[in-house]
Every structure is written in structure tokens, then in C-alpha cells.
Amino acid sequence: MTPDELAAAGLRYDVNGAVATVTLDRPEVRNAQTPTMWRALAALGEQVGDDVRVVVLRGSGHSFSAGLDRAMLDATGSDGTETVAGLLRLDDAEFSATIDDYQRGFTWLRDSRFVSIAAVQGYAIGAGFQLALSCDLRVVSDDAQFSMKESALGLVPDLTGTKPLVECVGYARALEICATARMVGAEEAVRIGLAHTAVPAADLETAVAELAGALTAALPGAVRETKALLLGADQRPLDEQRRLEREAQIRRFREVAALMAGG
């Protein structure tokens, strides 16, 4: 996507060496999300180059994302803007297919070609919480507040956040967080495994940069193969996981040996 197309969707995309940064850039509405933004994120995910080893996802201003833009609940869509409320005019198959399109704006962050980091400051609510959960790691400021607000609206989280939430904090805690729609602060987020670390807001950018630097210090193939091994490891039989480890290690040894021979 072009910078102008991204800007129209409320996004910015910058690449500095092996680190790409995606910024939700609607600070006037606390980076509230729209279907247009979700489709743009999905398209952006398809154009991330193989030279990118870390993707940082952040929000402009003082909040990561306050969730769905409430204007998207306008059933009329009178200006031609795609609205969530417009889904009600679709049959179930079309409804499901459209949500599937939206979800792709979240799932690309799990690609094993790179490690994704959510830099969370302030509010990460609803869709914002789920977007942060789509990332491999979450570095948060000490004022961060997470909440899965969908149940308060009579809805469920449907932007791929349920699986990583259970993986992070376990079934019982995930159920409690989702069903009560309560706020989870930075200290608790770290304690229950939801966040990697919490730092003062003024230090968030530095902490993320240091983590990105550490992640790009190793050979690219080693990090990518490790992420691929860990993704879904808890659901695979041990024998299958052992086989995948063996196959990955053979590839690693051969690449390292080739590099040493060529160096």
C-alpha cells in the first residue's frame, strides 16, 4: 500500500534496517479502529519484505488503541464508509466471510518470518487488546490498561484474540478477563504473563528498540526457525515436535556451516 492509502486508513509504515514499525495514527480518537484499517493492515502484512526481522506495532499519542471506532456502529454508512453495523445486512455466509477478512489484519503478525512486538501505552481496549495479543511480545508502559470490552456490548472477541489470551494466561483467567470486561493494569499484565515487561512511559520507545536490537542480533534463520517451532508446540504430539526440531536443526547446521565455509 502507498503512504497515502495507509494514511487514509489511519496507519503509518516505516522501515529502518531490519525493523519495520506500524503505527496506528488516529490519536484524536485514541487510535480507534475501523474496518478500513483492518483491511489495510491485512494488505500491509502481505507486502512486508523478507528483509524485515522485527515488526513493531504502536499507537500514536498516549494510547495504543481504544478499540472499535464507535462511529462504525452507525447502521447507515451514509458517506459510503464500511461499517461494522452494515454486517447485519449480510446473510450468515457473507457475514462470516467479511469477519474473516477483518481477522487477516491481525493474523499476519504471527508470521514466522519475523517477531512482532506490541508497544502498548495507555488504553488497549477491545480490538486494541486483540491487536496487541496478535503480536508475539508485548512491552507496556506502566500506565497501560487492557480490557476485553466485547461482553459489555453483548458480543464476543472475534478478532483472533481468544486463542493467544488463553495461551498467555490460561483458560480460567482468560474467561474471567473476557466475561467481566474489567481493566488489567500493567503490573498485573506482567505478573500473569500477558506482557513481557513494563517500563515507565518515557522509556517505552527505548525498551522496545533494545528488544528489537536483541532479536536482530542472532542469525535470521535461527530466530525464524525457533518461532516456527514454538508456534503451536503445546498442541503437537511430542514425536511430531521432536521431528520438527530435528528437521529445523539440520537446516540450521547446514546454513551455519555454509556461512563459515564462505567466510
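The values are calculated or read from the model by the stated rules, or taken from the named source; none is laboratory data. Predicted model only: the values in this text are computed from it and were never measured. Heads up, the Cβs are rebuilt from the backbone with ideal geometry, glycines too, and the neighbour counts pull from every protein chain shown.
Table for the structure above
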item	result
Close pairs from the stretch 123-145: first in the same structural domain as Asp69 (by TED's automatic domain parsing) and under 16 Å from Arg70 (Cβ atoms), partner outside any strand (DSSP E or B) and small (Gly, Ala, Ser), Cβ under 6 Å, at least 6 apart	Tyr123/Ser63; Tyr123/Ala66; Ile125/Ala66; Ile125/Gly67; Gly126/Gly67; Ala127/Gly67; Gly128/Gly67
Residue match in the stretch 186-195 (condition: under 14 Å from the mean Cα position of the chain (by Cα) and at pLDDT 95 or above)	yes
Any helices (runs of 4 or more DSSP H) falling wholly within the stretch 1-117 and containing at least 3 residues that are surrounded by 18 or more Cβ atoms within 10 Å (Cβ to Cβ)	35-47, 92-107
Complete set of residues in the stretch 124-177 that are in contact with a Leu (Cβ under 7 Å, 6 or more places away or on another chain) and among the hydroxyl-bearing types (Ser, Thr, Tyr)	Ser134, Ser141
Unique residue being touching a Cys at 6+ places or on another chain (Cβ under 6 Å) and either among the polar types (S, T, N, Q) or touching a residue at least 12 places away in the same chain (Cβ under 8 Å) (or both) when the list is Ser116, Ser112, Ser96	Ser116
Filter result (in contact (Cβ under 8 Å) with a residue 12 or more places away in the chain and over 18 Å from Gly105 (Cβ atoms)) within the stretch 15-27	Val15, Gly17, Ala18, Val19, Pro27
Filter result for Ala257 (among the aliphatic types (A, V, I, L, M) and more than 21 Å from the chain's Cα centre (by Cα))	yes
Residue, surrounded by the most Cβ atoms within 10 Å (Cβ to Cβ), within the stretch 118-156, restricted to residues that are assigned to a loop (DSSP other than H, G, I, E, B) and of a type in the set (A, V, I, L, M)	Ala144
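Residue-by-condition table, conditions (1) touching a residue at least 60 places away in the same chain (Cβ under 8 Å); (2) within 23 Å of Thr107 (Cβ to Cβ); (3) of a type in the set (D, E, K, R); (4) touching a Ser or Thr at 6+ places or on another chain (Cβ under 9 Å):
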position: Met1; (1), (2), (3), (4): no, yes, no, no
position: Ala8; (1), (2), (3), (4): no, yes, no, yes
position: Tyr13; (1), (2), (3), (4): no, yes, no, yes
position: Gly45; (1), (2), (3), (4): yes, yes, no, yes
position: Ala85; (1), (2), (3), (4): no, no, no, yes
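For every residue, the table says whether it meets (1) basic (Lys, Arg); (2) in contact (Cβ under 8 Å) with a residue 40 or more places away in the chain; (3) touching a helix residue (DSSP H, G or I) at 6+ places or on another chain (Cβ under 7 Å); (4) over 29 Å from Ala195 (Cα atoms).
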site: Gly213; (1), (2), (3), (4): no, no, no, no
site: Ala218; (1), (2), (3), (4): no, no, no, no
site: Ala222; (1), (2), (3), (4): no, no, yes, no
site: Gln235; (1), (2), (3), (4): no, no, no, no
site: Asp239; (1), (2), (3), (4): no, no, no, yes
site: Glu247; (1), (2), (3), (4): no, no, no, yes
site: Phe253; (1), (2), (3), (4): no, no, no, yes
site: Val256; (1), (2), (3), (4): no, no, no, yes
site: Gly262; (1), (2), (3), (4): no, no, no, yes
